[in-house]
Amino acid sequence: MTMKPGTLILNVTFHPERSALRDVAYFLRHRLVPDWRSAWGEGGVTLLGLPGEEGFAVQITSEDPERLSAFDPSSDPDVRRILEVYPGMVTFFPTLLKVLE
């Protein structure tokens, strides 16, 4: 899929400790990603694995840059749940990216 310059992408990265990796993967696949797809549209949410099984990234693209810029994943109940169930075991950070070319 080619994206036009100026398109915004929200990349939300999760780095779980190895002991939590399988559970976090399950939670992302079966809870967070389906919920975000219903909110953002089927084609707007992609689940990615980081090389070496070090974690996951969920990317959101949207035709509405204001909505995407305003979205705070740390306030999402599913994200909060992952962090509560695995306190100190999951590092989470969102990064807003802009397609340059």
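Pairs linking a residue in the range 87-98 that is surrounded by 15 or more Cβ atoms within 10 Å (Cβ to Cβ) to a residue that is among the aliphatic types (A, V, I, L, M) and assigned to a strand (DSSP E or B), with Cβ atoms under 7 Å and 6 or more positions apart or on different chains, are Pro94/Leu10; Pro94/Val12. Just one of (1) without any contact (Cβ under 8 Å) to a residue 60 or more places away in the chain; (2) more than 11 Å from the chain's Cα centre (by Cα) trips up Leu68, so point out which. Unmet for Leu68, out of (1) without any contact (Cβ under 8 Å) to a residue 60 or more places away in the chain; (2) more than 11 Å from the chain's Cα centre (by Cα): (1).
Show the residue pairs meeting these rules: Cβ distance below 7 Å; 6+ apart or different chains; first residue within the range 34-55 and aromatic (Phe, Trp, Tyr); second residue outside any loop (DSSP other than H, G, I, E, B). Sorted first by the residue in the range 34-55, then by its partner, the pairs are Trp36/Val45; Trp36/Val58; Trp36/Ile60; Trp40/Ile60.
Rule-based calculations on the coordinates, nothing more; no lab input. Every value quoted in this text rests on a predicted model; they were computed, and no experiment measured them. When we count neighbours, we look across all protein chains shown, and the Cβ atoms used for this are built from the backbone with ideal geometry, even at glycine.
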